[in-house]
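Worksheet: the structure to be examined is printed underneath.
Where a number appears in this text, it was derived from the coordinates with a stated rule and is not lab data. Because the structure is predicted, anything quoted here is derived from the model rather than measured. Backbone-built Cβ (ideal geometry, glycine too); neighbour counts: all protein chains shown.
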Amino acid sequence: MELLLKGGLVLDPSQDLEERRDLLIIDGRLAALVAPGTLPPEGRQVVDLTGLLVCPGLIDMHTHLREPGQEYKETIATGSQAAAAGGFTAVACMPNTLPVNDSATVTRYILEKAAQAQGVRVYPVAAISQGSEGAILAEYGDQKEAGAVALSDDGKPVANSQLMRRALEYARTFDLPVISHSEDLSLTSNGVMHEGLVSLQLGLKGIPAAAEEVAVFRDIELARLTGARLHIAHVSTAGSVQIIRRAKSQGIKVTAETAPHYFSLTHEAVRGFNTNAKMSPPLRTEADVAAIKAGLADGTLDCIATDHAPHSVLEKEVEFDRAANGVIGLETALGLSLALVQEGILTLAQLITKLSANPARILGVPGGTLQVGAPADITVIDLQRPWIVDVQQFKSKSRNSPFHGRNLTGRAAMTLVDGKILYRDNENFSR
């Protein structure tokens, strides 16, 4: 059956397109993108998207799906459902599973589970080092052949500078980007939140911004030395933005991402010892939030990624010092990111680029366009849809969100992968 999406406002920055169009999908691909009413509806499944925005499928290049090994927190199937509900058509999953994804066997297992789930596209990110222990490099060629799209020891920064240099050189051989969790553990020590006034008042050990910035500087200098592609994950400080901006101006092959919590919250959210506001890197200051927004606006920060990190109550409903780092983000990222457009920080086209085309380009995967012939990975958004974040309604297995109860405007109305409707917001299509 052919699928005809009628009357939506199509926004595709890759084609500099923003106007009402009808989209015809045949055999999972975009077959036509034409003026409204051009194509007859007879013999086709028709979906009316009048009043809605149609854009290339969103891609989250930084998630934790927990499978294999921690399926009580999330599975590839439930993470895929959460992604579709959030408007994402593809996710890249980090290797800190049990066992760590440091072999082709684990990569293939993840892809097999993703195929069984029949949901969003899942792109495995392989470990930089064996067991993510930072001692011996993993086999990158085998990983890429099995389907890995990038390398990272996310959650465990590579402390040894010589190993990081060799990783970048080895990754360059296979044209794989290295995604850096930039953190100097000797500066982090046993800190549990940003080092500042709030940590002092709460009596919690702080983590200085320099713990991130020193590591960002080191990794960029190693990228300069090796000529390899480096991607800085979850940027949280003003200093990091400045270092990355300077590196880009010098032609170093560095890209970077931030997450919605780093432009939506400050360390004030930790008051009350809220463990759902505990993450790595930690929430920072208002000045850091302003710098993150500026970095998004001027292109220093290429992408917005969720760093979706599901945890059960076993890890979160404990003393703050003992609580696990991380928050879920797949189902709130779009609404939080649209606030940047509402504030005038980004245009809608810039936002969609950071959520679709740029992640696709950095990872070297399909997507980020609605050109005829491309896979029909499409996100439909209701820009005017007001909603209240209710974690009990989430598709994710976990509930560790600091945004529960927040009022947001804008939400995914429909998510399609290969022309198949994976998610439909009943409020939009009950009429």
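How many percent of DSSP beta bridges within the range 19-134 run antiparallel, rounded to 5? Present the calculation step by step, with values, prior to reporting the outcome.
On the way: 5 of 13 bridges.
Taking every DSSP beta bridge with both residues in the range 19-134, the antiparallel ones total about 40 percent.
May I have the extent of the alpha carbons of the range 1-99 along their three principal axes, as whole Å values ordered from largest to smallest?
53, 30, 22
Give me the distance between the Cα centres of the range 306-321 and the range 175-190, rounded to whole Å.
Between the Cα centres of the range 306-321 and the range 175-190 lies a distance of 21 Å.
I'd like to compare 97-104, 16-23: which one has the highest average count of other Cβ atoms within 10 Å, and what's the full order after that?
Numbers: 97-104: 20.4, 16-23: 16.9.
By packing density, highest mean first, the sequence is 97-104, 16-23.
Mind checking which of VAL214, VAL46, VAL120 has the largest fluctuation in a GNM of the chain, springs on alpha carbons under 10 Å?
VAL46
What is the angle, in °, between the Cα long axis of helix 238-249 and the longest principal axis of the Cα atoms in the chain? Nearest 10 is fine, range 0 to 90.
That helix lies at roughly 70 degrees to the long axis.
Order the peptides 251-258, 303-310 from the highest to the lowest mean number of other Cβ atoms within 10 Å of their residues. Numbers along the way, then the final one.
Values: 251-258: 21.2, 303-310: 28.4.
Listed from highest to lowest mean packing, they are 303-310, 251-258.
Cross-link partners among lysines for LYS395, C-alpha distance below 18 Å, same-chain residues fewer than 8 apart left out?
Partners within reach: LYS73, LYS113.
For the chain, rounded, prolate or oblate, judged on the Cα gyration tensor with a ≥ b ≥ c (square roots of eigenvalues), a/c < 1.5 rounded, else prolate if a/b > b/c? The partial results should precede the final answer.
Working: a/c = 1.63, a/b = 1.40, b/c = 1.16.
Prolate, since a/c reaches 1.5 and a/b exceeds b/c.
Going by how many other Cβ atoms sit within 10 Å of their own, how do ILE26, ILE243, ILE179 line up, fewest first?
Neighbour counts put them in this order, fewest first: ILE26, ILE243, ILE179.
Give me the percent relative contact order of the chain, please, defined on Cα pairs under 8 angstrom at least 6 residues apart.
Working: 1071 pairs, mean separation 85.0, N = 431.
Reported as a whole number, the value is 20 percent.
If the only charges are +1 at each Lys and Arg Cβ and -1 at each Asp and Glu Cβ, what is the size of the charge dipole of the range 219-355 around the Cα centre, to the nearest 20 debye?
Working: 13 positive and 15 negative charges, 98 e Å.
For this selection, approximately 460 debye.
What's the ranking of 188-195, 295-302 by average number of surrounding C-beta atoms within 10 Å, highest first? Don't skip to the end; give the middle numbers.
Values: 188-195: 18.9, 295-302: 20.5.
Top of the packing list down: 295-302, 188-195.
Against the longest principal axis of the chain, how steep is helix 104-117, in degrees 0 to 90 to the nearest 10, with axes from Cα atoms?
40 degrees
Viscosity 1.306 mPa s, temperature 10 °C: Stokes-Einstein D of the range 203-359 from its Kirkwood Cα radius, in µm² per second? Mind showing how you got there, number by number?
Values: Rh = 16.2 Å.
Calculated translational D: 98 µm²/s.
Could you check what % of the DSSP bridge pairs in the chain are antiparallel, to the nearest 5? Working shown, then result.
On the way: 31 of 61 bridges.
Expressed as a percentage, antiparallel bridges in the chain total about 50.
Angle check, please: helix 333-342 long axis (alpha carbons) against the longest principal axis of the chain (alpha carbons), in degrees 0 to 90, nearest 10.
Around 80 degrees separate the two axes.
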